[in-house]
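Read the structure below first, then the notes.
The values are calculated or read from the model by the stated rules, or taken from the named source; none is laboratory data. Bear in mind the structure is a predicted one, so any value in this text is a computation, not a measurement. Please note: Cβ atoms are built from the backbone with ideal geometry, for glycine as well, and neighbour counts cover all protein chains shown. These area figures cover heavy atoms from the full protein model, side chains too; ligands, DNA and RNA do not enter into them. Shrake-Rupley method; radii C 1.70, N 1.55, O 1.52, S 1.80 Å.
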Amino acid sequence: MAKNYYEMLGVSKTASDDELKSAFRKLARQYHPDLHPGDEAAANKFKEVNEAYETLSDPQKRAEYDAVQAGGGSGSFGGGSHGPGSSQGNSFFDEFVNMFSGDHHGGGGHGGNGGDISLNVTLTFEEAAYGTQKEITVNRFEPCAACRGTGAKNGTQFVKCTNCGGTGKVRYAQETPFGRVVSMKPCNVCAGTGRIVKEPCTSCGGRGSVRKNSNLRITFPPGVEPNQIMTIPGEGERTRSGAKAGNLILTITVQPHKLFRRKGLDLLVDIPVSFTQALLGDKVFVPALKGNKIAFSLPEGAQSGMTFKLKEQGLENPKKQMKGDLLVTIDIELPRNLSKEQRQKIKELHDSLKPEQYDKAREFIKK
Ligand SMILES: [Zn+2]
Ligand SMILES: [Zn+2]
């Protein structure tokens, strides 16, 4: 029952590397688990496509695979277990593998180690700036309580696996450009557990794990950046007892603030000031993120778009003992709907001003 990798990728047996790559990319995108959360069929399809591509994209493995297929297809081909470095030199593939920690058993199926779970988390601007704790719900496989994750009824009804002699590992040989390499891989009969379930657990049907919602309290440190990825080891899929748990991978979205923007630890804010404040100078109050107000002296003759730095009034990184600045950019506003009298006074003011009182205009005329 060897799988037909060419059919899985929808290419011909003579497909070129480029054809393989483009077929793989299309399918990988189509079945990517991030697009089908909790959909096991899609997750399996994704794994199959990965497995097929991993084999066919490696000339050595492809030749071996073709040879096995030509021999009647009865031989079992370990396409899913890749040796070290087998996927090197293909960054696109590595990217996908890394997302699932290179584990083709990901997704919490039978026996294998737990796959990674990717989730999106949205934080408010303040939460990201100051750090927060949040409860998030993760739907994942957990070891079954009834059988203590063994899959056997009452946690006792199993026998030693004869394929691996109860060790859970088997030797396998691999031809590499450097010769024949013998290494160990998990026994596929007992999925690396060393035991075969005699009577399956009725709670989990012998799988050893059950899917459920778990509430986790996650601490987000201060200064989380938008689109930052946080990996929480061991909080992904947890399958049977003894298996390695996957990771929880959080992609963080930060909601924009109505007033502030962020640049690392610096906070940026635009404030409107009247033309008279800019002209004569004034004490101005600037809002701070924590709700208080910070006073600063706007100097006489401030120009539109000027930025003033309020030192160490930005965000803090307590770990690095660093503080950012608050950068205040002024937006000078001119009054509207002037009365006749006001127009007259402004006109008088205008007539009294000398051209050399305007820096920019003076520079402009010089040029
Ligand atoms: Zn169970
Ligand atoms: Zn075994």
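Some points to look at:
- Subset of region 200-257 that is within 19 Å of the chain's Cα centre (by Cα) and among the charged types (D, E, K, R) - its residue that is farthest from ligand 2 (Cβ to nearest atom): GLU225
- Scan region 140-161 for residues that are in contact (Cβ under 8 Å) with a residue 24 or more places away in the chain, part of a loop (DSSP other than H, G, I, E, B) and more than 11 Å from ligand 1 (Cβ to nearest atom) and the total you get is 1.
- Top-ranked residue of region 113-172 - restricted to ones that are open to solvent by 30 Å² or more (accessible area, probe 1.4 Å) and in contact with a helix residue (DSSP H, G or I) (Cβ under 6 Å, 6 or more places away or on another chain), ranked as nearest to ligand 2 (Cβ to nearest atom): ARG148
- Residue count for region 317-343, restricted to those that are without any contact (Cβ under 8 Å) to a residue 40 or more places away in the chain and under 22 Å from ALA278 (Cβ atoms): 6
- Flag if VAL210 is near ligand 1 (Cβ under 8 Å from one of its atoms), in a strand (DSSP E or B) and either touching a residue at least 12 places away in the same chain (Cβ under 8 Å) or touching a Lys or Arg at 6+ places or on another chain (Cβ under 9 Å) (or both): yes
- Any chance GLU126 is part of a helix (DSSP H, G or I), away from ligand 1 (no atom under 16 Å from the Cβ) and modelled with pLDDT of 90 or more: yes
- Within region 196-207, being surrounded by fewer than 19 Cβ atoms within 10 Å (Cβ to Cβ) and either in a strand (DSSP E or B) or more than 16 Å from ligand 1 (Cβ to nearest atom) (or both) holds for ILE196, PRO200.
- Selection from region 266-283 of residues that are free of Cβ contacts under 8 Å to residues at least 40 places away in the same chain and of a type in the set (A, V, I, L, M): LEU279, LEU280
- Residue under evaluation VAL170, criteria (1) touching a residue at least 40 places away in the same chain (Cβ under 8 Å); (2) part of a strand (DSSP E or B), criterion not met: (1)
- Whichever residue in region 173-195 is outside any loop (DSSP other than H, G, I, E, B) and either near ligand 2 (Cβ under 8 Å from one of its atoms) or touching a Cys at 6+ places or on another chain (Cβ under 9 Å) (or both) and, among such residues, is nearest to ARG240 (Cα to Cα): ARG195
- Some residue of region 3-11 being part of a helix (DSSP H, G or I), of a type in the set (D, E, K, R) and surrounded by 13 or more Cβ atoms within 10 Å (Cβ to Cβ): no
- If you go through region 173-195 and keep only what is open to solvent by 70 Å² or more (accessible area, probe 1.4 Å) and more than 16 Å from ligand 1 (Cβ to nearest atom), you end up with GLU175, PRO177, PHE178, ARG180, VAL182, MET184, PRO186, ASN188, VAL189.
- Of all residues making up region 12-36, the number that are free of Cβ contacts under 8 Å to residues at least 12 places away in the same chain and open to solvent by 80 Å² or more (accessible area, probe 1.4 Å): 7
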